Amino acid sequence: MSPRPFPLRPKSTTPRARSTESWHYPLRHHNYRIFITLSLVGSGGVWMQRLAQDWLVLQLTGSPAAVGLAVALQFLPMLVVGPISGVLVDLFPKRRILLVCQSVAALLAAVLAVWNAMGGSDVWVVYASCIALGITSAIDGPARQVFVNEVVGDAGLPAAIGLNSAIGQLGAMAGPALAGVIIAQAGPAAAFAANALIGVSVLVMIASIRPGELHHSLEVPDPTARRGQILAGFRFVRARPPLLLTMLLAGLLGAFGMNGPVVLAAFADGVWHSGPAGFGLFNTVSALGALAGALVATRIKRFGRKGIVASAGLFGLTQALAALMPTQEWFVAMLIVVGFMTLVFLTSAATAVQLEAGASVRGRVLALYFPLLLGGHALGGLLAGWLTEDFGVRTGLVVTGALGMMSAAVIGFLLWRCSARRRA
């Protein structure tokens, strides 16, 4: 018998259940309030680092294709490290993993700040930093997502997952916006230095989490069975076609839709001629749209797979429309809509994946999900850089938006087929 589709929110009519399902229930926990703050700040800092690296590569080379390579180098390591990181997350203390990863990220930011301030101009140094950050993020991402279970326990887990996914994605939008402003005012070195300070503040917040209030799993996995542990994640996803298709859709949208560093830099530099100030503005308004999308996504109790597919299609459509805007003012307005649809899709997809994955394999499932999403983002950076350089930024954005809509249509059809087979 095929596994039943999961409910994004468990049905219940009791006052206690309704209370724990409310989006603000996890905020009653002291540790979760700290955790959600460090998730927002830490996610924003990582994406600030990524954008500053991308802009510095554009400055050093003048090539959108080189920026695409930088984006790829930041995310491709996840394809290799991802499955292994899932085992690490499921076997070792998540709090310790977060401390190590944040220390490495802060060190990378500090090194690039000093190097750039001293006039460094070798692009391979930035590429090396991209790879190191990619490896760190491949471990930090699943650990951060799974750690929420230990912070709030089972009672408020669905609400906490939705809120945490939204906050993490919001940081992914707000970080580049802040980086754009800092770069416009003081240059990339200042953005790297600011991120190093952010990294230190995140370390302080992780250290302030109270270990005695964490909810540890009673299951004790065998650390020696690592090969089987890795394969367990693959087997779990393979046995659930709807889950696999949802993850695949996230990967496709990552490839065809999440190309902000390449596309927005090219629009600011070559279309509207607004430079770093315009780059910062574009990222800022995208973050405002993302904030609205995050708030909406966390309040939707039963989004469903149809809603996920529909939001993916609208995500691609809004991107294509943004490329056709005749003025910068209309382009900026459209970016708000793009940011909104980005967060609605990403939050609903991430919440769906985490709720279907059991606690014992959640780290390994997320370690497959994040490489698909961000590995697709890496390949999409190369695609967007090539399309932008050879055919123009408007054409490139229309093409990737159309591919996103096609992906949503194909995955939607396959999900319908799965549903029809279960009913037969």
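Quick one: residue 53 ticks every box in (1) surrounded by fewer than 24 Cβ atoms within 10 Å (Cβ to Cβ); (2) in contact (Cβ under 8 Å) with a residue 24 or more places away in the chain except a single one, so which number is it?
Here residue 53 clears every test but (1).
Would you check if residue 339 is part of a helix (DSSP H, G or I) and modelled with pLDDT under 90? Working first, answer last.
Numbers: part of a helix (DSSP H, G or I): yes; modelled with pLDDT under 90: yes.
Judged against the criteria, residue 339 is a match.
Looking at the range 411-424 only, could you name the residues that are assigned to a helix (DSSP H, G or I) and either loosely packed, with under 14 Cβ neighbours inside 10 Å or at pLDDT below 90 (or both)?
Within the range 411-424, the subset assigned to a helix (DSSP H, G or I) is 411-423.
Correct list: 413, 416, 417, 418, 419, 420, 421, 422, 423.
For (1) under 26 Å from residue 207 (Cα atoms); (2) at pLDDT 50 or above, each residue gets a yes or a no:
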| site | (1), (2) |
| --- | --- |
| 7 | no, no |
| 16 | no, no |
| 30 | yes, yes |
| 35 | yes, yes |
| 39 | yes, yes |
| 47 | yes, yes |
| 54 | no, yes |
| 57 | no, yes |
| 60 | no, yes |
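Just checking, how many residues over the range 235-266 are buried (at least 24 other Cβ atoms within 10 Å of the Cβ) and either polar (S, T, N, Q) or out of contact with any helix residue (DSSP H, G or I) (no Cβ under 6 Å at 6 or more places or on another chain) (or both)?
Of the residues in that region, 3 qualify.
Do you know which residues across the range 115-142 are closer than 23 Å to residue 81 by Cβ and among the aromatic types (Phe, Trp, Tyr)? Outline the logic, then answer.
First pass over the range 115-142, keeping only residues closer than 23 Å to residue 81 by Cβ: 124-142.
Listed by number, the residues that qualify are 124, 127.
Quick check on this structure: which one of 346, 397 is buried (at least 24 other Cβ atoms within 10 Å of the Cβ), assigned to a helix (DSSP H, G or I) and at pLDDT below 85? Steps first, answer last, please.
Values: 397 fails: at pLDDT below 85.
Criteria check complete, one pass: 346.
Which residue out of 365, 338 is farther than 25 Å from residue 63 by Cβ and either without any contact (Cβ under 8 Å) to a residue 60 or more places away in the chain or buried (at least 18 other Cβ atoms within 10 Å of the Cβ) (or both)? Outline the logic, then answer.
Working: 338 fails: farther than 25 Å from residue 63 by Cβ.
Result: 365 is the single residue among 365, 338 that is farther than 25 Å from residue 63 by Cβ and either without any contact (Cβ under 8 Å) to a residue 60 or more places away in the chain or buried (at least 18 other Cβ atoms within 10 Å of the Cβ) (or both).
For the range 111-123, what are the residues that are in contact (Cβ under 8 Å) with a residue 24 or more places away in the chain and closer than 13 Å to residue 133 by Cβ?
If the condition is that a residue be in contact (Cβ under 8 Å) with a residue 24 or more places away in the chain and closer than 13 Å to residue 133 by Cβ, then 112 is the only one that fits.
Being over 28 Å from residue 265 (Cα atoms) and part of a loop (DSSP other than H, G, I, E, B) is the filter here; which residues of the range 164-215 pass it?
208, 209, 210, 214, 215
The values are calculated or read from the model by the stated rules, or taken from the named source; none is laboratory data. Since we're looking at a predicted model, the values are computed, not measured. Positions of Cβ are generated from backbone atoms using ideal geometry, with glycine treated the same way; all protein chains shown enter the neighbour counts.
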